[in-house]
Amino acid sequence: MNYQAPQNDYREIIEADRAHVWHHLSQHKKYETIDPLMIIEGKGLRVWNAEGRSHLDATSGGVWTVNVGYGRSEIADAVREQLVKLPYFAGAAGTIPGARFAERLISKMPGMSRVYFSNSGSEANEKAYKIVRQIAHNKYGGKKHKILFRERDYHGTTITALSSGGQEERKAQYGPFTPGFVEVPHCLEYRSQWGDVADYGIRAANAIEEVILREGPETVGGLILEPITAGGGVITPPKDYWQRVQEICHQYDVLLIIDEVVCGVGRTGTWFGYQHYDVQPDIVTMAKGVASGYAAISCTVTTEAVFEAFKADPDDPMSYFRDISTFGGCTGGPAAALENMRVIEDENLLENCTAMGEYLQERLEALKAKHAVIGDVRGKGLFQGAELVADRETKEPLPEAMVQGVVADCMKTSAVIIGATNRSLAGLNNTLCFSPGFIATKSDIEELVTAVDGALERVVNA
Ligand SMILES: Cc1ncc(COP(=O)(O)O)c(C=O)c1O
């Protein structure tokens, strides 16, 4: 690669960071004696740190975001061009990139019709909740206002998004929470709540129905689910799960919200994760990969039927969706998103994501055959996880410190950045996460798998 690694001395920058930046999801005590990781530049799947060391980034920017890879000047150029023309106008008005991206996005989502722009995954989900709540008020006298969420799923960091979070370590100490959010059981067959049942998917979906019946169907307006749970353990849904979920939502008139913040726009090899499962949502939210991190953008996409509910009474000044997101009016987001989508199409990146995802899964299965510490391999496309266990029979999770040791070893020994579930469920932060950009090649996958193989050898078998 004709790429010049960073050569500068970043000491001053590092000191400024140490002195003033409060890093996300980080305990800072250690930075009194060591430097925080500083990422300076990126190209393709590689990022360079302040010492000029090159790393293979198998996390797409840490959290499933830089899906088309670093250094995409075509996306940067599209954003620049748009910002010079018009950087911003509040979303009560339309803009050229907003209209064009909405049209393009909807063309990838049969059955969906309207796009509401905001700028983070949490915010996109908050919009979905407000839509459910307002429909409850306008149509059901406020009664059908409860929103169900699933154990182990995550929907964001704001207090109400956290109120709908199924990961207690993200929630602890931040309550009290918004009322009206009710948890349903997870659907991870590897850790079945009902023993070894033949129809686990149906059983797990029926558990949602049980909660609806317990709460009273007349009180339940929405259900939010990740198509494949991400930070809660890379949980692919069991067979027949989604079909049964869809039936239940129809039967009890519950709006189905699918949180595609991680899976959306290609991560699993289809445009959206739910499109693997023949399910038709009422609302879909997305963020991270929509513009691959080149600009902040999130979308709450609805069916025409949901949208129509807010037009029904034009004489009522309170019945339309009285919501705004200041930065939902930034034009850089949809400009970047349009170009991101063009890149995915022109470079056949969905196909590559599927092919490389299958290859990665195969290679992880081979690692599982070699290392007893890998209890389960799960995922779709370039969204894969390996759950680590201390004992395959009992499935006792590997202690978190060792899981983090594997991540640290990949970084230190092999300069490969991988992820692991983190501060999600007590005792169950034991799944390694692999999500390289969609441009990954077989040789990138080999580099990744070799790093993990060596790390397991050194950290677990030592
Ligand atoms: C599934 C899911 N939904 C929502 C969010 C929240 O997105 P944001 O951090 O952009 O608010 C995340 C973030 O990791 C996520 O994984």
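The values are calculated or read from the model by the stated rules, or taken from the named source; none is laboratory data. It should be emphasised that the depicted structure is a prediction, and the values quoted were computed from it without experimental measurement. Backbone-built Cβ (ideal geometry, glycine too); neighbour counts: all protein chains shown.
Brief remarks on what is shown
- Neighbours by Cβ (under 8 Å, 6+ apart or cross-chain): first from segment 106-127, outside the structural domain of THR300 (by TED's automatic domain parsing); second among the aliphatic types (A, V, I, L, M) and within 16 Å of the ligand (Cβ to nearest atom): none
- Only one of the numbered conditions (1) free of Cβ contacts under 8 Å to residues at least 60 places away in the same chain; (2) buried (at least 24 other Cβ atoms within 10 Å of the Cβ); (3) not β-branched (Val, Ile, Thr) is violated by ASP315, and that is (2).
- Where VAL306 falls short, out of the listed (1) crowded, with 18+ Cβ neighbours inside 10 Å; (2) outside any helix (DSSP H, G or I): (2)
- In segment 238-275, the residues that are in contact with an Asp or Glu (Cβ under 9 Å, 6 or more places away or on another chain), part of a loop (DSSP other than H, G, I, E, B) and within 15 Å of the ligand (Cβ to nearest atom): GLU260, VAL261, VAL262, CYS263, ARG267, PHE272
- Within segment 347-378, tally of residues that are surrounded by fewer than 23 Cβ atoms within 10 Å (Cβ to Cβ) and either at positive phi or more than 24 Å from the chain's Cα centre (by Cα) (or both): 8
- If only residues of segment 248-281 that are acidic (Asp, Glu) and without any contact (Cβ under 8 Å) to a residue 40 or more places away in the chain are counted, the one that is surrounded by the most Cβ atoms within 10 Å (Cβ to Cβ) is GLU260.
- Residues that are among the hydroxyl-bearing types (Ser, Thr, Tyr) and closer than 25 Å to GLY156 by Cα were ranked within segment 191-233; the one that is surrounded by the fewest Cβ atoms within 10 Å (Cβ to Cβ) is THR219.
- Number of positions in segment 159-182 that are surrounded by fewer than 16 Cβ atoms within 10 Å (Cβ to Cβ) and either of a type in the set (Asp, Glu) or within 12 Å of the ligand (Cβ to nearest atom) (or both): 1
- Selection within segment 21-53 - in contact (Cβ under 8 Å) with a residue 24 or more places away in the chain, under 16 Å from MET411 (Cβ atoms) and surrounded by fewer than 11 Cβ atoms within 10 Å (Cβ to Cβ): none
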